[in-house]
There are 2 protein chains.
Amino acid sequence: MTGTPTSRERIVDISITPVAFADPPLLNAVGVHEPFAIRTIVEVITDSGTYGLGETYGDEAHQARLTLAAEALIGTDIFDINHARTRVDEALAKDSSAGGHGMSGMITDSSTLDRVFSPFEVALLDLQGKKLGLPVSELLGGRVRERVDFSGYLFYKWAGHPGHADDRWGEALDPAGIVRQAEKMVSEYGFRALKLKGGVFAPDQEAEAIEALATRFPEVPLRIDPNAAWTVETSNRVAERLASTLEYLEDPTPGITGMAEVRSSASMPLATNMCVVAFAQLPEAIAAGSIDIILSDHHFWGGLRRSSMLAGIAETFGMSLSMHSNSHLGISLAAMLHLAGSTQNIDFACDTHWPWKNPEDDVVAGAPFHFEGGSLEVPKAPGLGVELNRDRLAALHQRYLDCGIRNRDDTGYMQKLDPDYQALAPRW
Amino acid sequence: MTGTPTSRERIVDISITPVAFADPPLLNAVGVHEPFAIRTIVEVITDSGTYGLGETYGDEAHQARLTLAAEALIGTDIFDINHARTRVDEALAKDSSAGGHGMSGMITDSSTLDRVFSPFEVALLDLQGKKLGLPVSELLGGRVRERVDFSGYLFYKWAGHPGHADDRWGEALDPAGIVRQAEKMVSEYGFRALKLKGGVFAPDQEAEAIEALATRFPEVPLRIDPNAAWTVETSNRVAERLASTLEYLEDPTPGITGMAEVRSSASMPLATNMCVVAFAQLPEAIAAGSIDIILSDHHFWGGLRRSSMLAGIAETFGMSLSMHSNSHLGISLAAMLHLAGSTQNIDFACDTHWPWKNPEDDVVAGAPFHFEGGSLEVPKAPGLGVELNRDRLAALHQRYLDCGIRNRDDTGYMQKLDPDYQALAPRW
């Protein structure tokens, strides 16, 4: 009755390829998105000639750490995820660089090991799934939903990058512009929840935009994320103004203590992907009572299996769960779908920057993702269910080489246009 | 490059078979082990004709819940562990029975869902492993060790059950008897850590036994587990007496608050498998600072995957981890080996009652477990790596039918012999 042992499959090569893709001038609390977003594509190749895919940040210090990790992983069995993590941990002891957190300075205290190991873990699960004929969602315990709901991610933005033509989204610098953007996004993608990236204009102007969205979309849950641009006092004032309007308030103010202060008086749940971005921060945040909702992100929580563990911690400690996003390509989107698809307590529609990317700007083959009603189907093919298009990979790598961006720097880009600009947290 | 999707494999039948095996008269805080320990063997059969194995408690109320769960699981895909758990959760809504915790009243607040789902989850992982040609340890992230260390589990005991011949271990009712037992156990199994089940005699007599063990085995880490038989005051007094002697002190006193009080003054780490036996108890215990070491047990923590999650929680919150045991057979031992083999933070040698069982009393085929230096190898065959011996299963089931024991009742058995006996917690 015992099955035949499967043949071993080991890593023989790993390619680390930085890529860049066009990104609109999306405004946030620390500046504005540069004309190109940078990412790194990790391709793990085994002695059977199969490849597994991962995607992560593109910053140079991060790439250097990925290279150290990749060297340490040659020879590893694709099922030895625990051992692979230990090897990467040991390899990173050689690293003394700083930076490379992929967040343009907004978050700097995620775990270096978890952040570096994540794309390799995703690639190993992709390889396991391909070898076993199973989608990654089944390696994570099985799908609990066939489709994953996303929220429409609204940004204040210029009509186009300075010196370039307007993009297809146009300008959004006031409540009316945000409502127009939401109408377009809802009409194209069907989102049934909306999130506004705040921290750009004075809090009352952003509250006005939320109120305008509530008037235009009275049935749609709304969120605002000022990326810790507000003091506790300002946060409390805005929370009171938007008490009946927000589904949740995301990272109004910096730090575990500040968030706990706001949470003690705000009437709506508080969410974070800033004050708790690593397992090491959970004990203090839970003791302080800082948060209601963790916005998980497998890119900094150590991959898909550790993100499943985070979901279990959230459930155990009575916190809700949803998912954070940075600008990303199709490999990360597939990974997010498998994770959300196999996680019982995804309590709110997940974030994604997907609509801000040109559909043709990707490294995956075909067009595997189709939004309906703001949701995407969890891929059912073995592994992640996405394949590499090597022509596209080469093209986006060339764009990386040409664009000159080596580290995400929303603040530096803004300062080129407005030398007096300063990133302040909190600003108001 | 994409793998071929694996064929689906669904549950078509589940057998639930109560068994009994001879157990010596081991004394504890609530009485004495009856002449037979009872367990339930769960055999999950799929449409490919493969079976997966799980093992759990034998109490009647538990068996009734297992039957409800089994009915709900027919038709489930072997990879849909998340969905299977939901089905069992729904099925248990029909259950209004009490008891059946398998612990003879020592622990009554483990999660019913986790306790009932556990053997099915283990069986599903066994089936997955057999289908995929992978040992369960690799489904849990891969082996981090080839062998798992166990501690020698010492008990006060009578020479034999009243009215029966002496067993091969003989009497141990004082420090000299415990030292003799330890010598025999160390000589036969090679254990390099020793644990004394206490709560039987006056605390100072048990402390004396620990001191006698320390004199005889000066290099061996020692633990005592009085199963919450002591008050906080008594615990503190014994902790002070054994300050330089104990590796850790296990469950000296009842409850999260009492444990926190002892922990605030005891010099050694405090371990538990009593005051925290469910995820729901973790927040309060962590906030109170009740424990240093969680003794996990996949039988009440919801199976192997949730026990892995518990390991992650322990790591996140700065707690150490080891493993608890009840009287068990080879299926549970194999599951414990796969779990410990794939868990990085097994910080102390695990518990097992294995030496107290006659080697021939088992349901697994052959003799797959060989102690060397107190450790066992993690099985490498697909699945759990143990096979059912149906003759042995039939024989142990017949023994269950014949023995008349339907619920573990250490207290009731003791009262038959000593009508004045009362289970008291704390007793001293």
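The values are calculated or read from the model by the stated rules, or taken from the named source; none is laboratory data. Just so you know, these numbers come straight off a predicted model, no measurement behind them. Note that each Cβ is placed from the backbone with ideal geometry, even for glycine, and that neighbours are counted across all protein chains shown.
Among the residues of region B:46-58, is there at least one that is without any contact (Cβ under 8 Å) to a residue 24 or more places away in the chain, more than 25 Å from the chain's Cα centre (by Cα) and part of a helix (DSSP H, G or I)?
No, every residue in region B:46-58 fails to be without any contact (Cβ under 8 Å) to a residue 24 or more places away in the chain, more than 25 Å from the chain's Cα centre (by Cα) and part of a helix (DSSP H, G or I).
Quick grid of which residues meet (1) touching a strand residue (DSSP E or B) at 6+ places or on another chain (Cβ under 9 Å); (2) within 30 Å of A:G312 (Cβ to Cβ); (3) of a type in the set (D, E, K, R); (4) away from chain B (no Cβ under 14 Å):
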| residue | (1), (2), (3), (4) |
| --- | --- |
| A:G129 | yes, yes, no, no |
| A:L134 | yes, yes, no, no |
| A:E146 | yes, yes, yes, no |
| A:D149 | yes, yes, yes, yes |
| A:G152 | yes, yes, no, yes |
| A:W158 | yes, no, no, yes |
| A:L173 | yes, no, no, yes |
| A:G177 | yes, no, no, yes |
| A:K184 | no, no, yes, yes |
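If you scan region B:403-428, which residues turn out to be without any contact (Cβ under 8 Å) to a residue 24 or more places away in the chain and either buried (at least 19 other Cβ atoms within 10 Å of the Cβ) or assigned to a helix (DSSP H, G or I) (or both)?
If the condition is that a residue be without any contact (Cβ under 8 Å) to a residue 24 or more places away in the chain and either buried (at least 19 other Cβ atoms within 10 Å of the Cβ) or assigned to a helix (DSSP H, G or I) (or both), then B:K416 is the only one that fits.
Please tell me if A:T343 is under 17 Å from the mean Cα position of the chain (by Cα), within 27 Å of A:D251 (Cα to Cα), outside any helix (DSSP H, G or I) and within 14 Å of chain B (Cβ to nearest Cβ).
Criteria met by A:T343.
Across region A:262-276, what is the number of residues that are of a type in the set (A, V, I, L, M, F, W, C) and under 17 Å from A:T234 (Cα atoms)?
5
Go through region B:1-26 and count every residue that is assigned to a loop (DSSP other than H, G, I, E, B), away from every other protein chain (no Cβ under 14 Å) and either under 30 Å from A:T50 (Cα atoms) or of a type in the set (D, E) (or both).
Matching residues across region B:1-26 total 1.
List the number of the failed condition for B:L132; all other conditions in (1) surrounded by fewer than 18 Cβ atoms within 10 Å (Cβ to Cβ); (2) more than 23 Å from the chain's Cα centre (by Cα); (3) in contact (Cβ under 8 Å) with a residue 12 or more places away in the chain hold.
(1)
Which condition from (1) farther than 24 Å from A:E315 by Cα; (2) of a type outside the set (A, V, I, L, M, F, W, C); (3) touching a helix residue (DSSP H, G or I) at 6+ places or on another chain (Cβ under 9 Å) is the one that B:D292 breaks?
Single failed check for B:D292: (1).
Taking A:F36 as the residue in question, decide whether it is out of contact with any Lys or Arg (no Cβ under 8 Å at 6 or more places or on another chain), assigned by TED's automatic domain parsing to the domain that holds A:V122 and either modelled with pLDDT of 95 or more or of a type in the set (K, R) (or both).
Spelling it out, it is not the case that A:F36 is out of contact with any Lys or Arg (no Cβ under 8 Å at 6 or more places or on another chain), assigned by TED's automatic domain parsing to the domain that holds A:V122 and either modelled with pLDDT of 95 or more or of a type in the set (K, R) (or both).
Taking region B:63-100 on its own, how many of its residues are surrounded by 22 or more Cβ atoms within 10 Å (Cβ to Cβ) and modelled with pLDDT under 95?
1
Among (1) over 27 Å from the mean Cα position of the chain (by Cα); (2) touching a residue at least 40 places away in the same chain (Cβ under 8 Å), there is one condition B:E233 misses while meeting the rest; what is its number?
Every condition holds for B:E233 apart from (2).
Tell me the helices (runs of 4 or more DSSP H) entirely within region B:205-314 that contain at least 1 residues that are within 14 Å of another protein chain (Cβ to nearest Cβ) and either modelled with pLDDT under 95 or more than 22 Å from B:I346 (Cβ to Cβ) (or both).
B:282-288
How many residues are more than 25 Å from B:K157 (Cα to Cα) and not in a loop (DSSP other than H, G, I, E, B) if we restrict to region B:353-375?
So the count comes out to 2.
Just to be sure, is A:A123 over 15 Å from the mean Cα position of the chain (by Cα), within 13 Å of another protein chain (Cβ to nearest Cβ), part of a helix (DSSP H, G or I) and touching a residue at least 12 places away in the same chain (Cβ under 8 Å)?
yes
Which of (1) surrounded by fewer than 24 Cβ atoms within 10 Å (Cβ to Cβ); (2) touching a Gly at 6+ places or on another chain (Cβ under 9 Å); (3) within 14 Å of B:G373 (Cα to Cα) does B:E183 not meet, given it meets every other one?
With respect to (1) surrounded by fewer than 24 Cβ atoms within 10 Å (Cβ to Cβ); (2) touching a Gly at 6+ places or on another chain (Cβ under 9 Å); (3) within 14 Å of B:G373 (Cα to Cα), B:E183 is out only on (2).
When you check B:L337 against the structure, is it buried (at least 23 other Cβ atoms within 10 Å of the Cβ) and either part of a strand (DSSP E or B) or within 11 Å of chain A (Cβ to nearest Cβ) (or both), yes or no?
Judged against the criteria, B:L337 is not a match.
Kindly provide the set of residues from region A:340-353 that are more than 22 Å from A:G312 (Cβ to Cβ) and surrounded by 22 or more Cβ atoms within 10 Å (Cβ to Cβ), ordered by number.
Passing the criteria: only A:T352.
Residue-wise test of (1) part of a helix (DSSP H, G or I); (2) at pLDDT below 95; (3) out of contact with any His (no Cβ under 8 Å at 6 or more places or on another chain); (4) among the hydrophobic types (A, V, I, L, M, F, W, C).
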site	(1), (2), (3), (4)
A:A159	no, no, yes, yes
A:A165	no, no, yes, yes
A:R168	no, no, yes, no
A:R180	yes, no, yes, no
A:E183	yes, no, yes, no
A:E188	yes, no, yes, no
A:R192	no, no, yes, no
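With respect to A:E206, determine if the residue is among the acidic types (D, E), crowded, with 23+ Cβ neighbours inside 10 Å and either outside the structural domain of A:R305 (by TED's automatic domain parsing) or on the phi > 0 side of the Ramachandran plot (or both).
No: the conditions fail for A:E206.
Scan region B:130-148 residue by residue and report those that are aliphatic (A, V, I, L, M) and either closer than 18 Å to B:S322 by Cβ or assigned to a helix (DSSP H, G or I) (or both).
Once the filter is applied, which keeps residues that are aliphatic (A, V, I, L, M) and either closer than 18 Å to B:S322 by Cβ or assigned to a helix (DSSP H, G or I) (or both), region B:130-148 yields B:L132, B:V136, B:L139, B:L140, B:V144, B:V148.
For region A:282-315, what are the residues that are among the hydroxyl-bearing types (S, T, Y) and touching a Pro at 6+ places or on another chain (Cβ under 7 Å)?
none
Could you please give the count of residues in region B:150-180 that are without any contact (Cβ under 8 Å) to a residue 24 or more places away in the chain and basic (K, R)?
2
For every residue, the table says whether it meets (1) within 25 Å of B:F79 (Cα to Cα); (2) in the same structural domain as A:E250 (by TED's automatic domain parsing); (3) of a type in the set (S, T, Y).
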position: A:R305; (1), (2), (3): yes, yes, no
position: A:S325; (1), (2), (3): no, yes, yes
position: A:L337; (1), (2), (3): yes, yes, no
position: A:D362; (1), (2), (3): no, yes, no
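Anything in region A:360-410 that is within 14 Å of chain B (Cβ to nearest Cβ) and closer than 25 Å to A:A193 by Cα? List them, or say none.
Hits for region A:360-410 are A:P368, A:V378, A:P379.
Just to check your reading of the model, which residue among A:D95, A:D114 is outside any loop (DSSP other than H, G, I, E, B), of a type outside the set (A, V, I, L, M) and in contact with a helix residue (DSSP H, G or I) (Cβ under 9 Å, 6 or more places away or on another chain)?
A:D114
Quick one: in region A:27-51, which of the residues that are away from every other protein chain (no Cβ under 11 Å) and among the acidic types (D, E) is surrounded by the fewest Cβ atoms within 10 Å (Cβ to Cβ)?
The qualifying residue surrounded by the fewest Cβ atoms within 10 Å (Cβ to Cβ) is A:D47.
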